[in-house]
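Okay, structure first, notes after.
The values are calculated or read from the model by the stated rules, or taken from the named source; none is laboratory data. The structure displayed is predicted, hence computed values, not measured ones. With ideal geometry, Cβ positions are generated from the backbone for all residues, glycine too; neighbour counts draw on all protein chains shown. Ligands, DNA and RNA are stripped out before the accessible areas are found, and what is left, the full protein with its side chains, is counted by its heavy atoms. Shrake-Rupley method; radii C 1.70, N 1.55, O 1.52, S 1.80 Å.
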Amino acid sequence: MVADLTAARFAPEHCPRLVIKIGSSLLVDDSGALRESWMQSLCADIAERIKAGQKLIIVCSGAIALGARRLGLAQGGRATLADAQAAAAVGQIALSRFWQEALSDHGFIAAQILLTLDDMEDRRRYLNATATLERLMETQAVPVINENDSVATEEIRFGDNDRLAASVAQAVRAGGLLLMSDVDGLYTANPAKDSAAKRIATVETIDSSTTGLADDGEGSLMGTGGMASKLAAAKLATEAGIATAIISGRHDHPLQHFTKGDSGTIFAPSMSPKARKSWLASRQSARGTITVDDGAVRALLNGASLLAAGITAIEGEFLRGDLIRLCGTNGTAIAQGLSEYDADVARKVMGRRSEEHQAILGTTPRRAVVHRDHMVLL
C-alpha cells in the first residue's frame, strides 16, 4: 500500500478497484455536442488500466446536457424537472452508444446501470445493484452508471453525480475515487476570480476550513455539481476508507496526465478499509439467526461467504437485506451480515448444494445466503 498521498495511490497495483466520475462539461461542449475526441483518449487510458488488472466503474454525467441540445430545450434542459427528465431520456441513448462503441474498440464491453438515491437507500435494491456490479466486473465488463434522471424526482434524487459516485465507491469497496472535472483540484480561492489562488495538493482531513474554500458559484448549466458537491462526495468516500482525488479532465488522456503527478487534489482516507464494515459489527438488532456446521464455521473464519449447504437451522422471519446472526452448533456467534434470501426461501435450500437450488426454487439462485462482502466476523 502506498503510504503517501500521490497519484501512485490510484495505480492498478495499489488500487484494485477504482471509480471515475466524469463531469458534464468534460463530455459535452458548449454547443451540446459530445467531445468525442477527448472521450476516445479517456477510453484509451481506461483500457490501459483494465489491462493492468484494475477494475473500473465509470459514473457519467452529460445525458441532460446532450439531450437538451437534441430537443432544443432552454437552459441546458434544466428549466423544469420535466425538461430535465425528458432531456435525460434522449441523451442517455447517445451516451450509451458512445461508451459501447469506444470501449469495444479496445476489446471491452460497456454495461449501463441507471440508479436513483432510493436504489441505494433501499436495502434490497442496494444488494441487487451491488451484486450486478460485482458480476459485471468479474466478466471484465465496464459498468457505466448515471443517475436515473428520467424517473428521479427532486425529493429522491442524488442531485449531482459526485455524491452518486461516492455511494457507488462505497458499495463496491473501491480503493479509490477520481472526481474528474474542468478544474484541476481544490484551490485556496476561486482561481477564476483570484489570480493569487494556489492549488492544494493534499488534504488530510475534510473539515470546516476545507469546505469553506468551496465556491458555490462554480456550477454551470451543464451540470449540478460544483466544488461544494465534490467536497461533500470526497468526505463521504474518505470516511469510508476510500482515497479520493479531484483531477482535471481538460487534457487529452486525462488519467495519464494525472499519473505523471503535480496535478489534482488528493484527500486522505480517514479509516482503514476494514472499518467499512464497522457499522455491521455495531448493530444489535439481528432479525434472525442461522446455525451452521463446523465446516461452514471454518470457511467463514477464513473469509468465505455463507453457502446454503453449511446451514443446519434457521430461526426468525427475516427478509432479504435484513441483518442476521450466524452461529456455530454450540450457539457461539461467529458473524453477522445481510441476508441474500428471505427466511422462508433460505429454509428451502438450507443444507442443499448450490447446483440443486435452481430446481428447488424455480429461479436463478443467489451465489450465497450471506455474501462475505456484507458480513463481519464477531
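Among Arg97, Arg325, Arg124, the largest mean-square fluctuation in a Gaussian network model of the chain, built with springs joining Cα atoms closer than 10 Å, belongs to Arg97.
Quick one: pull the percent of accessible area on the range 274-377 belonging to carbon and sulfur, 1.4 Å probe, ligands and nucleic acids left out. Using a 1.4 Å probe with all protein chains present, the range 274-377 comes out at 49 percent carbon and sulfur. Extension gain for Ala189 to His106 (0.36 nm times residue separation, less C-alpha to C-alpha distance): 25.9 nm. Averaged per residue, the chain has 44 square angstrom of accessible surface, using a 1.4 angstrom probe with ligands and nucleic acids left out. Gyration tensor over the Cα atoms of the chain: the corresponding equivalent ellipsoid has semi-axes (square roots of 5 times the eigenvalues, largest first) of 39, 23, 19 Å. With a Förster radius of 30 Å applied to the C-beta separation of Ala11 and Lys198, the computed FRET efficiency comes to 0.70. Taken about its Cα centre, the chain carries a charge dipole of about 880 debye when Lys and Arg each add +1 at the Cβ and Asp and Glu each add -1 at the Cβ. The number of Lys pairs in the range 7-270 with C-alpha atoms less than 23 Å apart, excluding pairs fewer than 8 positions apart on the same chain, is 14.
Taking 0.36 nm per residue of separation and subtracting the current Cα-Cα distance, fully stretching the chain between Thr205 and Arg97 would add 34.9 nm.
Over the chain, with a Gaussian network built from C-alpha contacts below 10 Å, which listed residue (Ala131, Ala197, Ala359) shows the highest mean-square fluctuation? Result: Ala359 has the largest fluctuation of those listed. In the range 326-378 the Cα-Cα distances spread across 10 Å bins starting at 0 as 22, 49, 26, 3 percent of all pairs.
Antiparallel as a % of all DSSP beta bridges within the chain, to the nearest 5? Close to 40 percent. Working from the Cα coordinates of the range 274-377, the gyration tensor eigenvalues give, after taking √(5λ), semi-axes of 20, 14, 13 Å in decreasing order.
Remark: relative contact order (the chain) = 15 percent; criterion is Cα-Cα distance under 8 angstrom and separation of 6 or more residues.
Which distance in nm do the two modelled labels at Arg70 and Asp182 give, with both placed 7 Å along the Cα-to-Cβ direction? It is 2.2 nm. Apolar share of the accessible surface for the range 7-270: 48 percent from carbon plus sulfur atoms, 1.4 Å probe.
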